[in-house]
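*Asks:* I'd like to ask you about the structure that follows.
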Amino acid sequence: MRIDVPLPCPYDWPSAPAKALFALQRRPPRESDEIVTAFRDGQVTLRRVRRVDGFTNALQEIGYQGIRAGDLVIHSMDGFAGAIGVADADGKASPVVHAYRPMSGADVRFFAYLVRSLALSGFVTSLAKGIRERSTAFDESTFRALRLPFPPLDRQREIADFLDAETARIDTLMEKKRKMTTLLQKRWRSAAVSAISRLMSEYRTVPLRRVTQCLDRRRIPLSSEERADRQGPFPYYGASAIVDWIDDYLFDEDLVLVGEDGAQLGEPDYPIAQRVSGKIWVNNHAHVLRPVGVDPDLLVFHLNTLDRMPFISGATREKFTQDDLGRIPLPAAPISTQVDVAAQLMAVRVKCDHMTQLLEKQITLLTERRQALITAAVTGELDLAKAAA
């Protein structure tokens, strides 16, 4: 099988099948090897260096293989989304990850940029035999069948050196902007905690159960189509900020919804409450509160910024019971004072959100710029001398 790649490369660049450029490695893992992960952003590194949450660890590492620094690593299931890169450390990986060593005349960095660019362009997805997103199976036979541009080695190295420097510069800029978004959220949280703590020190406190009503939900039947599509005649709110499976409860008033459970419930920056109004669906994993002695916006701000750990139940799964929620202290300030403080906090929140949106837009543009630069370089369309000037 031969698969020609649709790249507009210079006429003097020859092409070669990937099987002639890279050799599949089948190494047994060593006892000291740690797990290596191919992330979708193209980094291939020890899992502990990036993050360890969100992964399912195998009880028995059947089929695991050794990975060595300098390998071209392709995740056969996530390769379509960019999980392709050069390993920066020794370790081990599951059988869905394939490791290759370059033959003579191939710079592994150049081909990592090239193949990942193909994946992100949608070319790898176009090779999928199934209809589901993760049915692409960018496996050994598919990779080996690719006929890739094969410029001279010194040209490969020149392109790879340029991209290493330019992508590092862009990555550094994006990381600075991500840190700025984090600081903005911390600024907002600090403002909310400070303002509400001041109210609680100036006035006595009351438990939440004294100033809210936790409503019973009345059952409204949904059609099977509405259940399957999570659609109905009204907006739907689930329990994770705040969606699980749909349930059949309907409300028609201004309320506050509070998530009941979830793996992130104890994380301080994870929002658990929101204000809603009008007719809505809500599932049975959210508490529905009717504020009767507290400003609803101030209540939402407080629930989303307070230290929730002292009020969470559950040994194996963190959960907010109705009793837990009812114990949370609130400032017994006059409603007019609560409204004023909530308005001030809302102004801070709007400003922080606006700046965050601008930063996220800039990060998106930088991501697009980064990928366009890589594609232009690996296809020979970019004049490196002018680009570096």
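The values are calculated or read from the model by the stated rules, or taken from the named source; none is laboratory data. Values in this document were obtained by computation on a predicted structure and should not be read as measured data. As a convention, Cβ positions derive from the backbone with ideal geometry for all residues, glycine included, and neighbour counts pool all protein chains shown. For the accessible areas, the whole protein counts, side chains as well, though only heavy atoms, and no ligand, DNA or RNA atoms are used. Shrake-Rupley method; radii C 1.70, N 1.55, O 1.52, S 1.80 Å.
*Asks:* Picking from 28, 95, 8, which residue would you name as being of a type outside the set (A, V, I, L, M), within 28 Å of residue 171 (Cα to Cα), open to solvent by 60 Å² or more (accessible area, probe 1.4 Å) and assigned to a loop (DSSP other than H, G, I, E, B)? Walk me through it before giving the result.
*Replies:* On the way: 28 fails: within 28 Å of residue 171 (Cα to Cα); 95 fails: within 28 Å of residue 171 (Cα to Cα).
After ruling out the rest, the residue left standing is 8.
*Asks:* Say we look at region 336-361 and pick out the residues that are among the aliphatic types (A, V, I, L, M) and open to solvent by 80 Å² or more (accessible area, probe 1.4 Å); which of these is farthest from residue 188 (Cα to Cα)?
*Replies:* Applying the first criterion (among the aliphatic types (A, V, I, L, M)) to region 336-361 yields 339, 341-343, 345-348, 350, 355, 358-359.
Applying the additional criterion that residues be open to solvent by 80 Å² or more (accessible area, probe 1.4 Å) yields 350, 358.
Details: 350: 10, 358: 16 Å.
Among them, the one singled out is 358.
*Asks:* For region 332-351, check the following and say yes or no: at least one residue is in contact with a helix residue (DSSP H, G or I) (Cβ under 9 Å, 6 or more places away or on another chain) and part of a loop (DSSP other than H, G, I, E, B).
*Replies:* Yes, some residue in region 332-351 is in contact with a helix residue (DSSP H, G or I) (Cβ under 9 Å, 6 or more places away or on another chain) and part of a loop (DSSP other than H, G, I, E, B).
*Asks:* What do you reckon, is residue 127 open to solvent by less than 10 Å² (accessible area, probe 1.4 Å), modelled with pLDDT under 95 and closer than 25 Å to residue 77 by Cα? Show your work before the answer.
*Replies:* Values: open to solvent by less than 10 Å² (accessible area, probe 1.4 Å): no; modelled with pLDDT under 95: yes; closer than 25 Å to residue 77 by Cα: yes.
Criteria not met by residue 127.
*Asks:* If you don't mind, there's one more thing I want to ask. Among (1) closer than 27 Å to residue 41 by Cβ; (2) in contact with a Ser or Thr (Cβ under 8 Å, 6 or more places away or on another chain); (3) open to solvent by 20 Å² or more (accessible area, probe 1.4 Å), which single condition is residue 364 missing?
*Replies:* That leaves (2) as the condition not met.
*Asks:* I'd like to check something: does region 308-322 contain any residue that is within 23 Å of residue 184 (Cβ to Cβ), at pLDDT 70 or above and open to solvent by less than 10 Å² (accessible area, probe 1.4 Å)?
*Replies:* Looking only at region 308-322, we keep the residues that are within 23 Å of residue 184 (Cβ to Cβ), and these are 308.
Then keep just the ones that are at pLDDT 70 or above; that gives 308.
Next cut, open to solvent by less than 10 Å² (accessible area, probe 1.4 Å) only: 308.
Within region 308-322 (the criterion being within 23 Å of residue 184 (Cβ to Cβ), at pLDDT 70 or above and open to solvent by less than 10 Å² (accessible area, probe 1.4 Å)), the answer is yes, since at least one residue qualifies.
*Asks:* Look through region 294-307, keep the residues that are surrounded by 14 or more Cβ atoms within 10 Å (Cβ to Cβ) and not in a helix (DSSP H, G or I), and return whichever of them is modelled with the lowest pLDDT. Quick ask: steps written out before the conclusion?
*Replies:* Applying the first criterion (surrounded by 14 or more Cβ atoms within 10 Å (Cβ to Cβ)) to region 294-307 yields 294-306.
Checking which are not in a helix (DSSP H, G or I) leaves us with 294-295, 306.
Values: 294: 92, 295: 94, 306: 87.
Restricting to residues being surrounded by 14 or more Cβ atoms within 10 Å (Cβ to Cβ) and not in a helix (DSSP H, G or I), the top hit is 306.
*Asks:* State all residues of region 156-175 that are in contact with an Asp or Glu (Cβ under 9 Å, 6 or more places away or on another chain) and among the basic types (Lys, Arg); if no residue qualifies, say none.
*Replies:* 157
*Asks:* Next question, about the same structure. Give me the pairs, please: first residue somewhere in region 154-168 and open to solvent by less than 60 Å² (accessible area, probe 1.4 Å), second residue anywhere and among the aromatic types (Phe, Trp, Tyr), beta-carbon distance under 6 Å, and either six or more positions apart or on two chains.
*Replies:* Sorted first by the residue in region 154-168, then by its partner, the pairs are 156/110; 159/110; 160/110; 163/113.
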